[in-house]
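Reviewing the structure listed below.
Rule-based calculations on the coordinates, nothing more; no lab input. If you're wondering where the values come from, they're calculated on a predicted model, not measured in any experiment. Cβ sites come from the backbone with ideal geometry, for glycine too, and all protein chains shown count toward neighbours.
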Amino acid sequence: MINEIMLQKNFEIIDTLTKWRSMTTENLKALVAESDKGPAFRQRILRLEEGGILRSKLQKGINKIVYPSRELLQRLGIDNFNEDNIKHDAAVSMVISNLLTFSMISSGKLPHEYKTKSTWRHHAIEPDAIVTAGKGTNELVIAVEVELFRKDRKRVFDKFLEYAKADEYDNVLYFFADRASFESYKKRLNELQLDTQFDHLKEELSQKIVFVLNQSILKNVVSLSRSEVFHNHVTKELGDLIG
């Protein structure tokens, strides 16, 4: 049985993981206990694991990832999620929580938040997350995709075309943790733009698709605003695009 006193003493950790589902310990600490010393915070996490409130996984090339236990999710009335995707989901949480520090970004939602019965109309594309930029009539709806592994050529092409045709998204930000994938997707987008059968989508492909390279998104994001960006055939920094 989950200890109620432990829940109350660690409510900020519980609330944050309820929203984000999974996070690296470093990212979680930055959000809820920035002033805590590292060893002390890690001890808090260990106690929550021992108490059956949190679970964790160690992933190669990434910091320890923590997420709610099934017992906690059941107590909160939340459906379980796929633990096989923990590494990817933690990277998505890392990216979105850091994007929310940009003055231009007004909100960010993960699938469990935007795909509710009352708010979600089924679309062909369901991104890793959705952020909104700006306010009022100038608000932009931006899809976010975090690509940790290179997908096959056809799958990438199909997704590019879907986003180019999708009226519900003004842009899509593709985040990469390694340059090889970043350059590969740039090449694939260029191939698609040179294909004459898609001339009618050239403008959308150029304007809507944005590639972002930041090699720290698997551990603890550093200088997200200075991430290298490729958009509309121009290289710049993310802060220049959505400062």
Next item on the list: With a point put 7 Å past each Cα toward its Cβ, work out how far L140 is from N85 in nm, to one decimal.
Entry: 2.5
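Rounded if a/c is under 1.5, else prolate if a/b beats b/c, else oblate: with a ≥ b ≥ c from the C-alpha gyration tensor eigenvalues square-rooted, which is region 159-243?
Prolate, since a/c reaches 1.5 and a/b exceeds b/c.
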Next item on the list: Stick to Cα atoms and the Kirkwood definition of Rh, then tell me Rg/Rh for region 4-81.
Entry: 0.93
Check: Which FRET efficiency, nearest 0.05, do E237 and R150 yield, Cβ-Cβ r, R0 25 Å?
Finding: 0.55
Margin query: Tell me which of L161, N214, I130 sits at the most positive position along the dipole axis of region 89-242, charges placed on C-beta atoms (Lys, Arg +1; Asp, Glu -1).
Written below: N214
Notebook entry, point to check: Once the Cα atoms of helix 153-165 and of the chain are each reduced to a long axis, what angle between those two axes, in degrees from 0 to 90 to the nearest 10, is obtained?
Noted result: 80
Note to self: Can you give me the angle between helix 179-194 and the longest principal axis of the chain, using Cα atoms only, in degrees from 0 to 90, rounded to the nearest 10?
What the structure shows: 30
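What is region 89-242's relative contact order, in percent, from Cα pairs under 8 angstrom and six or more apart in sequence? Can you show the working numbers first?
Working: 244 pairs, mean separation 31.3, N = 154.
Once divided by the residue count of region 89-242, the mean separation gives 20 percent.
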Next item on the list: With +1 on each Lys and Arg Cβ and -1 on each Asp and Glu Cβ, and nothing else charged, work out how big the dipole of region 4-81 is about its Cα centre, in Debye to the nearest 20.
Entry: 280
Notebook entry, point to check: Once the convex hull of the C-alpha atoms of the chain is built, how many Å³ does it hold per residue, rounded to a whole number?
Noted result: 140
Notebook entry, point to check: Which ³J(HN,Hα) values in Hz, rounded to whole numbers, follow from the phi angles of region 73-80 under the Karplus curve 6.51 cos²θ - 1.76 cosθ + 1.60, where θ = phi - 60° and Gly and Pro get x?
Noted result: 4, 5, 4, 8, x, 10, 5, 5
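Beta carbons within 10 angstrom, averaged per residue: use that to sort the peptides 75-88, 141-154, highest first.
Numbers: 75-88: 12.6, 141-154: 16.5.
Taking the mean over residues of other Cβ atoms within 10 Å, the ranking is 141-154, 75-88.
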Check: How high is the relative contact order of region 10-87, in percent, with contacts defined as C-alpha pairs under 8 Å that are six or more residues apart?
Finding: 30
Checklist line | the chain: angle of helix 86-99 to the longest principal axis, Cα-based, in degrees nearest 10 | finding: 80
Next item on the list: Would you mind working out the magnitude of the charge dipole of the chain relative to its Cα centre, with +1 at each Lys and Arg C-beta and -1 at each Asp and Glu C-beta, to the nearest 20 Debye?
Entry: 660
Margin query: Quick check on the exposure proxy: order T18, T196 from fewest to most C-beta atoms within 10 angstrom.
Written below: T196, T18
